[in-house]
Each structure stands twice: as structure tokens, then as C-alpha cells.
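**Student:** One structure follows; several queries about it will come next.
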Amino acid sequence: MHAANDSIDRADPASATAPAPLATPQVRTLLLTDLCDSTSLVEKLGDNAAAELFRAHDRLVLELQQRWHGRLIDRSDGLLLLFERAIDGLGFALDYARGLRDLGDRTELKRHGVVMQARAGLHVGEVLTWRNSDEAVNVGAKPLEVEGLAKPMAGRLMTLARPGQILLSATAEPLAHRAARELGERGEQLLWKHWGRWRFKGVPQAQEIYEVGEPGIAPLHAPQQNRAKAWRDIPLWRQPAALAAELLLVAGLVGGGWFLTRPQPAIAFGERDWVVVGDLRNLTGDKLLDDTLDQAFRLSLAQSRYVNVLSDLKVRETLGNMQRKPGVPVDRAIGSEIALRDGARALLLPTVAEVGGRLRVSAEVIDPRTQTTVYAVSADGRGIGSALASIDDVTDQLREKLGEALESVQKTSVALPNVATPSLDALKAFAVARNVFNTTRDREQALGLYRRALQLDPEFALAHADMADLYSGLGELGPAAEERRKALAIPQRLSPQERARLELLQMQNDGPGIYFRKAQEYLALYPDDYRLLARLGTNQWHQLNDFRLAEATFRRSIKPQYERGDSARYSLGMMLLGQERYDQAMAEFERSRKAGFTGSSEMYARLFDARGQHAQADKAYLTGTNGRGGWQGEAAVVTGIDRGQWPRAATAAQDWLRQADAAGDAPESLRARVAVASVAVFAGQAEAGRRLQELLAAVQAKGAAADALYPAAATEVRLYAGVLAARMDDAAGVADALRQTRDSRVIRDYPTVAQLQQVLLAEQERLAGKPQAAVARLRPLVARETALVAAHWSLMRAELAAGNATGARAQRDWLATHRGRVFVESTTTDVLRFLNAAASAEALQQDAKSQAPAQPQETAKVGKA
């Protein structure tokens, strides 16, 4: 049972007989099932056979409860269960459907024509739970009571379901759908259906209904209407009586009054659909309002979890794809084309004007297909000071018009002065700063404008947040973290989403456990934040070494509405390269280039290196902005090691170190020092021992500064220094590295660092003459998809020391054939890249020697790995 269920089960310790007080409402997953035709089962089978069948049924339910962490609340012909997560409820429902089918396959049941099926409804919502007193339970009451609107909602879904059908609500479906990969291969084969909007008795608003099931088991047919409790939400004009009346009306008016029957324009807008915000028309003549209210309109509308707003950057990107000049106004025609290109449902055109001595803010909702105005809303106020309040009023009206529930609008609407600033002058500086950086990338001018906004309003938290994003985008992680800290120190001036976003970004280097949990919580609320999705994919790659998981996350972020979809596609290519899916990786790299991505080109080049096509790799590297001067820095060191060009690798490492020291960049200087030591050790240079000591001194001097940005840095580098010592058969160096890192919480919190410690422990066992112990330690590790390349390298050495030539050859072959992973694997500090390249290069060289003819042959000099 999940720990979270403790809150469900907890009784009042003060009294064993009195009922516990009502608990605080909690969000839970409810599954309600009904066993179809249960009465006829007894009639057909007889009491004894039916009793045996139901005992088997009860054993199935108990087993599935334990498997899926469910709490059984009630049962008769059906079941009511509570789950902590939607995917657990779905897993139970799917296994229950399978289990019933297996029960129905019994010979005696087939003979009677008995089919075991249940209908199921799955919903996520708030419930109240309380325990009945012992006295009440003794006379037949249930131990635990569950109430709340979520319970009848699950019941209505179950009533609608056909035999064997699992229906989900609109709150349960996205949570279950996103987590379906946890079901393994079966989750990928599930079929999902949307059955439109339905009305439930006692529920004021129409509900979206979904079905999920396995091929061959689920009916995958539209639910059956039950007019007493649930029915399809059919527009009036589509209902039979209305259709007949409309036909008569059309027949009577077709001669001359057709224009009287023209339908009002409408737009099909659903939850989480996208809108394009056009340029605000300022008809007041007051230049202060030009950029100010445009930005305010976006900030106010962006508070909605129902409406998604296409970002400024995405609009600019699409304008470029349309061959439009920068700065062209986004009006009705251009905005409609942007909406159609980027999959937005509506275009919003805001206007501010003076009408009758009052300041009027208005907005039109435009159908981009026809460019017609669907409806318009407005709000009036006195003077320029009323503008922000009027914008809030207008966006609230728009959200309701687009279909958002009034309760949701009221709950999530925070006044603009509270989530931005009450100062129009500060908001003007903020808006211009955003515009400057988005168009010119002028760092100093943008920062100057943000600082001006903070002078005008020192509590303008969003200005700090924007500065953090600016610094982060430029790779200045220290200043970025400081600006986030300042923004979070003024939480009352941030919207709930912005506060959650900043908290998540701030904790991404504090340890993977809490970060990944909070990321899932954030994305459950804001699933269309593609920037955060892409960031999550990168962290899954760096911190978990999980290429398959990161691949799935990057795929989720590649949407027409994401302004950096080309970059996410490049990252997807890297994850495919890391899985040796070379052709697919090439396709994604090329699609990324075609979409306009011109950034890092190293992994695109590594695809050719992985195939041994080094000349093509050099050409590919030149296509990116980072490669225009040829291989440099870390990339040049890895290239030199991989190709056995040791003087080139040594020179590149020294150049990198000089540049990092000159820039005062502690983490980069430490990584460059690792490169210098790695080249010396793997090339077998006489100065290898001295270089290793210089590295250890650098960790001592700069480790704290590196840890301030990357908490795992010093620990990871110390362990890697131990690996280099092991490569030199320096048992004392290995022991010292293990002793220095023994009490580090980083090993507990970071899976890849914990793996590196296991590698070093195995090396210590090998050096102590216990290679079998090292083998036993490493074999379970390399069985995982997330195993480090270093683990395979160390196991190869341990197998060889244990006299197992076959096992050593298997690991050598792995290193020679998993070239994509060798290049793409990336931990917090990336120091393992040098070991990976050396280990793989040596494996390839040894393979070449084993396949070469007996006669002498010239070969490039390659240092041992």
C-alpha cells in the first residue's frame, strides 16, 4: 500500500468507538466497476458452482489490489476502489478485464455460455474519507466511508460503459495516458478513444468521456446512453425535433429570406487549445501603452490552465518562416495565418481606445479559417490607471467565452498588479527588455532595461524571473540561480504557475529524486509547458542516463506551438544516437537542421564518428555555430582520444584549460583539468602521475565553487580521479578516492555517481586480487539499460583478471559496437566522456588486430584504455 494511503486509513486514537472527524478533501483516483449479469451467473451455474466462481473472483480482486496499491471501499455486484494515482487505477481495471476473461474461459462456464465481463468508470477528483466507529462496523457498516462529487461521477461513467468497457473522465485520461509507459509494452499497445461531451444528471457542466482498452478485449464502441442519468451532449440544432423544424423553416424562407437564417459565427475551442495574440492596437496616442498593455494582456491571459498562449518567440519564428520582415504587425490576416500554421484555434486582437472620455480595453476573438470575428468583449475605466484592471476584466471574459468554467476563472485569476507590477512605467521597461532580447539578443541592453524596471518597482518578481531565463539561456548558471532566488523571495508577486516553474528550475541540481517528482506534479498541472518538458528530458539524460525515457520526453515537447521545437528535435536525435538507432537519429538531425537549428553540431558529427566516417564527421561539425572554427575544447579532446591522435588531444586539453582559467570558470576549469589528466593516463605518458596529482589539487581548490553550480561536481571528479588511478594500477589512489567520497550525499542522490562509485569499488577489488568479487558486483549493473559505459569497461577488466576470456570479449565487443552511447552518455560534469572514448577506441583497435592478417601491418599508435 502506498504511504499516501496512510491518510485514508488513519483512525482517531482518542476513541475506538467514536467516528473519526472528517478529513481534509484529498485528490484520489476512484474506480467503480459492475460485474455484468451477475444474477444470471448464479441461475445458470447453480449455488455451489457460482460460489466457487465468486471465490476465485475475490482472490483475483485481492491479488490486483496488492499489485496496484488499491483500497477496496465497497463491494456488492461491483467494486469501489481508491488509488493514489490514475495509472494504478487503470492498471487494476485492465488486469481485472483480463482476469475476468480468464475466469470465463473455464470449461464449465463455456458450457453454460457464461461470459465474465465488467463495466468500469475511472475518475480523479476530491473526496472526503472518514472511519466509522467500531460499533457501527460491528453491526454491518463499512470501515471506511468515501463521499464527494467524484464518487457519483465515477458511477455515471460506469453506468455509461458497455460490458468490458473502461471509461475515463477528462481529469483521469491525461494523467493515465501520460503514465501509460509505466505499464511496459502493454502500455504502448493500448487504444484510446474520445467519445465527446456528455451530460450527467446532477452535474451542471458537460463532461468529456474517454475509453481505453486492449485490442481484442475492449469493445471500443460509443457508450450506451442512459437518458435517466447520462446522455450525449448534442447541440440543439442536431437534435431530431430541431432538425425537422429547421427543415420546415428553411423550406418556408428559401424564396427570399435566406439572409435572416445566417448562423452566428462560432469556434470549436477546447481545454488546452492555443490562441495567437495579435499586436495591440493603441488608439489613444499615448506611447506608454504601446508595448506595455500588449505584454500585460499576455501575462493576464497566461494565468489560465484552460487557454494556452503562443509565445512571442514562437510568433516571431513563424513570421520568419512566412518570409515576413521582423517587426511586421500581427494583424487579422497575418495572425490568422500564424494560427493556421501553428495549430492555434483562435486569434485574439486587443485594442485600447478612448471612448466617451473613458479608457476602453477590448478584444476580438477571430476564427483564423474565415478571419471573421466570433465575438468581442470590452471593459471601461477612468484614466490610464484603469488599464490593468480593465485587461484583467477582458481576459476573464475571454476565458469564459472560450469555454473555461467560471469557477476556474475566479480561482486562477490574480490581479495584474499582483503577478506583474502596478507601475505602467516598470511594465513598459519590462516589455521593451523582452522585445530587445528576443529580437537582437543584446544582453547588456536587455539587462539594463530589466534593472530599470526593478528600480521603478523593487518587488517586480517577474523581472527577476526574466533575467534568470536570460542568464540561463546564455549559460550563466550562477547569476540565473541568484535571480530565481530573488524572484522566489517575493512569492506574492508571482502567478502560481510562474512560482512553480521557478521552484522546479531552482531544484534541478539539488538531487534527481525530488526534482523528478516535482517535475511530474508540475506537468500534471501544466502539460503544455514545452520548455519545461525539454528541460526534463535533458535532466533524465544527464542525471539518470536513461536514453529511452528522455527520448519519450523530448517527443512530447516537439509540438508546433513550441518555439524551440528544432532544438528539441536535435535532442531527440541525440537520444536515438545513444541507442544506436543511427538512421532514425540521422533523420531527426536533418529535420532539425531543416527547421532552422544551427546550434551545437557535435552529436550530429558523432553519428559519423560512430560509423567510422571521420571525414564526414569533420564536415558535419563545421555546420553548427560551435564548430565554425573546427574541433575545439572538450569536443577536440574527445575527437583526439577516439582517433588515437594523442598530441592533438593533449594540445586541445591544454588550450581548453588556459581559456577556462582566464575566464575564471571553476566548473569548466575543473573539467579541462580532467581532460589533461585523462589524455596523459590513457596515452601512457610519463607525466601521467603528475597530471593526476594536479587534478586532485584542482578539486581541492575549486571543488566548492563548482559544487555551488553543480552539487555533484566535486564528488564525481574525485571518483573519476580514482578511476584514472585504477587505470594506472594505483591501489592507494583508488582507496583515497573512495575515502574522500564515502560520506557524500551526492552518491545517495545521484544514480550515475552511485554507479561510478560501484565501478571504483570493483576496481579496488580487482587490484586486491579479488576479480570474482568485482565481476559479481558489476554483472547486475551492466544488465540495466542505464548502466554507464565505465561499468562495461571495468567488467571487461575484471573478467580478464578472473581468467574468463569469453566474458571479457563480450564486454569488449559491447564497447566496440555501442559507439552511439559512448559519445552521447553525459553525466553532471561530463568527465566520463574521455574514458568512454578511450575504452571504445581500444576495443575497436583490438577487434581490428584480431581480424587482421598475420603479416606485420602499420597501425596508428593508440594509448591503452
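The values are calculated or read from the model by the stated rules, or taken from the named source; none is laboratory data. Predicted model only: the values in this text are computed from it and were never measured. We place every Cβ from the backbone using ideal geometry, glycine too, and count neighbours over all the protein chains shown.
**Student:** Somewhere in segment 194-204, is a residue among the β-branched types (Val, Ile, Thr), more than 23 Å from ASP102 (Cβ to Cβ) and either outside the structural domain of LYS229 (by TED's automatic domain parsing) or in a loop (DSSP other than H, G, I, E, B) (or both)? I'd like the intermediate steps shown before the answer.
**Tutor:** Initial filter on segment 194-204 (among the β-branched types (Val, Ile, Thr)): 203.
Next cut, more than 23 Å from ASP102 (Cβ to Cβ) only: 203.
Imposing the further condition that a residue be either outside the structural domain of LYS229 (by TED's automatic domain parsing) or in a loop (DSSP other than H, G, I, E, B) (or both) reduces the set to 203.
Checked against the condition, which is being among the β-branched types (Val, Ile, Thr), more than 23 Å from ASP102 (Cβ to Cβ) and either outside the structural domain of LYS229 (by TED's automatic domain parsing) or in a loop (DSSP other than H, G, I, E, B) (or both), segment 194-204 yields at least one hit.
**Student:** Do we find a residue being among the charged types (D, E, K, R), in contact (Cβ under 8 Å) with a residue 24 or more places away in the chain and over 30 Å from ALA783 (Cβ atoms) anywhere in segment 505-519?
**Tutor:** As a first pass, look at segment 505-519 and keep what is among the charged types (D, E, K, R): 510, 517-518.
Still in the running and in contact (Cβ under 8 Å) with a residue 24 or more places away in the chain: 510.
Then keep just the ones that are over 30 Å from ALA783 (Cβ atoms); that gives none.
Looking through segment 505-519, none of the residues is among the charged types (D, E, K, R), in contact (Cβ under 8 Å) with a residue 24 or more places away in the chain and over 30 Å from ALA783 (Cβ atoms).
**Student:** Still on this structure: For residues that are surrounded by fewer than 17 Cβ atoms within 10 Å (Cβ to Cβ) and of a type in the set (A, V, I, L, M), scanning just segment 645-690, find the one that is modelled with the lowest pLDDT.
**Tutor:** The qualifying residue modelled with the lowest pLDDT is ALA663.
**Student:** Taking TYR562 as the residue in question, decide whether it is touching a residue at least 40 places away in the same chain (Cβ under 8 Å) and surrounded by fewer than 18 Cβ atoms within 10 Å (Cβ to Cβ). Give the derivation first.
**Tutor:** Values: touching a residue at least 40 places away in the same chain (Cβ under 8 Å): yes; surrounded by fewer than 18 Cβ atoms within 10 Å (Cβ to Cβ): no.
Answer is no for this residue.
**Student:** Here are the criteria: (1) in contact with a Ser or Thr (Cβ under 6 Å, 6 or more places away or on another chain); (2) under 25 Å from PRO174 (Cα atoms). Tell me which single one ALA480 does not satisfy.
**Tutor:** (2)
The rows are residues; the columns are (1) over 17 Å from ALA172 (Cβ atoms); (2) surrounded by 15 or more Cβ atoms within 10 Å (Cβ to Cβ).
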| position | (1), (2) |
| --- | --- |
| TYR96 | no, yes |
| GLY99 | yes, yes |
| ASP105 | yes, no |
| LEU109 | yes, yes |
| VAL114 | yes, yes |
| ALA120 | no, yes |
| VAL124 | no, yes |
| VAL127 | no, yes |
| ARG131 | yes, yes |
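**Student:** If I ask for residues that are part of a helix (DSSP H, G or I) and touching a residue at least 60 places away in the same chain (Cβ under 8 Å), which ones from segment 577-625 would you list?
**Tutor:** Filtering segment 577-625 for residues part of a helix (DSSP H, G or I) gives 577-578, 582-594, 602-610, 614-621, 625.
Scanning segment 577-625 gives LEU577, GLY578, TYR582, ALA585, MET603, ARG606, LEU607, ASP609, ALA610.
**Student:** Tell me, which residue of segment 324-341 that is within 16 Å of ARG369 (Cβ to Cβ) and among the charged types (D, E, K, R) is nearest to the chain's Cα centre (by Cα)?
**Tutor:** Residues of segment 324-341 within 16 Å of ARG369 (Cβ to Cβ): 332-341.
Those still in the list that are among the charged types (D, E, K, R) too: 332, 337, 341.
Numbers: ARG332: 34, GLU337: 29, ARG341: 24 Å.
Top of the filtered list is ARG341.
Condition check ((1) surrounded by fewer than 20 Cβ atoms within 10 Å (Cβ to Cβ); (2) farther than 27 Å from ASN509 by Cα) across all residues:
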site	(1), (2)
VAL717	no, no
LEU738	yes, no
GLN755	no, no
GLY769	yes, yes
VAL775	no, yes
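**Student:** Please enumerate the residues belonging to segment 515-530 that are farther than 18 Å from MET575 by Cβ and either charged (D, E, K, R) or part of a helix (DSSP H, G or I) (or both). Lay out the reasoning, then the answer.
**Tutor:** Start the filter on segment 515-530 by keeping residues that are farther than 18 Å from MET575 by Cβ, which leaves 515, 517-518, 520-529.
Matches in segment 515-530: TYR515, ARG517, LYS518, GLN520, GLU521, TYR522, LEU523, ALA524, LEU525, ASP528, ASP529.
**Student:** So, one more: Can you confirm whether segment 459-471 contains a residue that is farther than 18 Å from VAL419 by Cα, in contact (Cβ under 8 Å) with a residue 12 or more places away in the chain and either in contact with a Leu (Cβ under 8 Å, 6 or more places away or on another chain) or assigned by TED's automatic domain parsing to the domain that holds THR318 (or both)? Full working, then the answer.
**Tutor:** Restricting attention to segment 459-471, the residues satisfying the condition of being farther than 18 Å from VAL419 by Cα are 470-471.
Still in the list and also in contact (Cβ under 8 Å) with a residue 12 or more places away in the chain: 470-471.
Going one step further and asking which of them are either in contact with a Leu (Cβ under 8 Å, 6 or more places away or on another chain) or assigned by TED's automatic domain parsing to the domain that holds THR318 (or both), we end up with 470-471.
Yes.
**Student:** Moving to a separate point now. Do any helices (runs of 4 or more DSSP H) lying entirely in segment 768-835 carry at least 2 residues that are without any contact (Cβ under 8 Å) to a residue 12 or more places away in the chain, and which ones are they?
**Tutor:** Numbers: elements: 771-782, 789-801, 805-817, 819-824.
Qualifying helices (runs of 4 or more DSSP H): 771-782, 805-817.
**Student:** Here's something else I'd like to know. Please tell me if GLU404 is touching a residue at least 60 places away in the same chain (Cβ under 8 Å), surrounded by fewer than 17 Cβ atoms within 10 Å (Cβ to Cβ) and outside any helix (DSSP H, G or I). Explain how you work it out, then say what you get.
**Tutor:** Details: touching a residue at least 60 places away in the same chain (Cβ under 8 Å): yes; surrounded by fewer than 17 Cβ atoms within 10 Å (Cβ to Cβ): no; outside any helix (DSSP H, G or I): yes.
No, not satisfied.
**Student:** Take the residues in segment 25-64 that are of a type outside the set (A, V, I, L, M) and part of a strand (DSSP E or B); name whichever of them is farthest from GLY121 (Cα to Cα).
**Tutor:** As a first pass, look at segment 25-64 and keep what is of a type outside the set (A, V, I, L, M): 25-26, 28-29, 33-34, 36-40, 43-44, 46-48, 52, 54-55, 57-59, 63.
Next cut, part of a strand (DSSP E or B) only: 26, 28-29, 33-34.
On the way: GLN26: 19, ARG28: 14, THR29: 10, THR33: 6, ASP34: 9 Å.
Top of the filtered list is GLN26.
**Student:** Something else about it: With the requirement that a residue be under 36 Å from the mean Cα position of the chain (by Cα) and not in a helix (DSSP H, G or I), what does segment 728-767 give you? First the steps, then the outcome.
**Tutor:** Quick first cut of segment 728-767, residues under 36 Å from the mean Cα position of the chain (by Cα) only: 737-738, 740-762.
Passing the criteria: ARG742, ASP743, SER744, TYR750.
**Student:** I need a count of the residues in segment 147-182 that are in contact with a helix residue (DSSP H, G or I) (Cβ under 8 Å, 6 or more places away or on another chain) and farther than 17 Å from ALA86 by Cα.
**Tutor:** Qualifying residue count, segment 147-182: 1.
**Student:** With ALA489, ALA524 as the choices, which residue is surrounded by fewer than 17 Cβ atoms within 10 Å (Cβ to Cβ), on the phi < 0 side of the Ramachandran plot and modelled with pLDDT of 95 or more? Break it down into steps so the answer makes sense when it comes.
**Tutor:** Details: ALA524 fails: modelled with pLDDT of 95 or more.
After ruling out the rest, the residue left standing is ALA489.
**Student:** Could you list, in sequence order, the residues of segment 598-620 that are at pLDDT 90 or above and under 29 Å from the mean Cα position of the chain (by Cα)? Walk me through how you get there before you give the answer.
**Tutor:** Pass one, segment 598-620, residues at pLDDT 90 or above: 601-620.
Listed by number, the residues that qualify are SER601, GLU602, MET603, TYR604, ALA605, ARG606, LEU607, ALA610.
**Student:** Can you tell me which of (1) within 24 Å of ALA433 (Cα to Cα); (2) buried (at least 20 other Cβ atoms within 10 Å of the Cβ) is the one SER336 doesn't meet?
**Tutor:** Result: SER336 fails condition (1) only.
**Student:** Is it the case that VAL115 is aliphatic (A, V, I, L, M) and farther than 24 Å from TYR526 by Cα?
**Tutor:** Values: aliphatic (A, V, I, L, M): yes; farther than 24 Å from TYR526 by Cα: yes.
For VAL115, the condition - aliphatic (A, V, I, L, M) and farther than 24 Å from TYR526 by Cα - is met.
**Student:** What's the total number of residues in segment 133-151 that are surrounded by 14 or more Cβ atoms within 10 Å (Cβ to Cβ), on the phi < 0 side of the Ramachandran plot and not aliphatic (A, V, I, L, M)?
**Tutor:** 5
**Student:** Buried (at least 21 other Cβ atoms within 10 Å of the Cβ) and in contact (Cβ under 8 Å) with a residue 12 or more places away in the chain: does that describe LEU313?
**Tutor:** When the stated conditions are applied, LEU313 does not pass them.
**Student:** Among the acidic types (Asp, Glu) and either surrounded by 21 or more Cβ atoms within 10 Å (Cβ to Cβ) or assigned to a helix (DSSP H, G or I) (or both): which single residue out of ASP290, ASP279 fits that description? Spell out how you get there, then give the answer.
**Tutor:** Numbers: ASP279 fails: either surrounded by 21 or more Cβ atoms within 10 Å (Cβ to Cβ) or assigned to a helix (DSSP H, G or I) (or both).
Going through ASP290, ASP279 in turn, just one is among the acidic types (Asp, Glu) and either surrounded by 21 or more Cβ atoms within 10 Å (Cβ to Cβ) or assigned to a helix (DSSP H, G or I) (or both): ASP290.
**Student:** Give the residues of segment 650-671 that are free of Cβ contacts under 8 Å to residues at least 24 places away in the same chain and touching a helix residue (DSSP H, G or I) at 6+ places or on another chain (Cβ under 6 Å), sorted by residue number.
**Tutor:** Residues of segment 650-671 that are free of Cβ contacts under 8 Å to residues at least 24 places away in the same chain, as a first pass: 651-652, 654-655, 657-658, 660-665, 668.
Correct list: ALA652, LEU657, ALA660, ASP661, GLU668.
**Student:** Report whether or not ILE384 is in contact (Cβ under 8 Å) with a residue 40 or more places away in the chain and either among the acidic types (Asp, Glu) or more than 30 Å from SER567 (Cα to Cα) (or both).
**Tutor:** The answer is yes for ILE384.
**Student:** Out of the residues in segment 364-376 that are touching a strand residue (DSSP E or B) at 6+ places or on another chain (Cβ under 6 Å) and not in a loop (DSSP other than H, G, I, E, B), which is surrounded by the most Cβ atoms within 10 Å (Cβ to Cβ)? Give the steps one after another, and end with the answer.
**Tutor:** At the first step, the residues of segment 364-376 found to be touching a strand residue (DSSP E or B) at 6+ places or on another chain (Cβ under 6 Å) are 364-368, 373-376.
If we keep only those that are not in a loop (DSSP other than H, G, I, E, B) too, we end up with 364-367, 373-376.
On the way: GLU364: 20, VAL365: 22, ILE366: 26, ASP367: 19, THR373: 14, VAL374: 18, TYR375: 16, ALA376: 16.
Looking at residues that are touching a strand residue (DSSP E or B) at 6+ places or on another chain (Cβ under 6 Å) and not in a loop (DSSP other than H, G, I, E, B), I get ILE366.
**Student:** Which of the helices (runs of 4 or more DSSP H) found entirely inside segment 68-141 contain at least 3 residues meeting this: closer than 15 Å to LEU32 by Cα? Walk me through how you get there before you give the answer.
**Tutor:** Details: elements: 86-104, 107-111, 134-138.
Because the criterion is at least 3 residues that are closer than 15 Å to LEU32 by Cα, the helices (runs of 4 or more DSSP H) in segment 68-141 that meet it are 86-104.
**Student:** For segment 51-67, which residues satisfy the criterion of being more than 35 Å from the chain's Cα centre (by Cα), free of Cβ contacts under 8 Å to residues at least 40 places away in the same chain and under 16 Å from GLY78 (Cβ atoms)?
**Tutor:** The answer is PHE54, ASP58.
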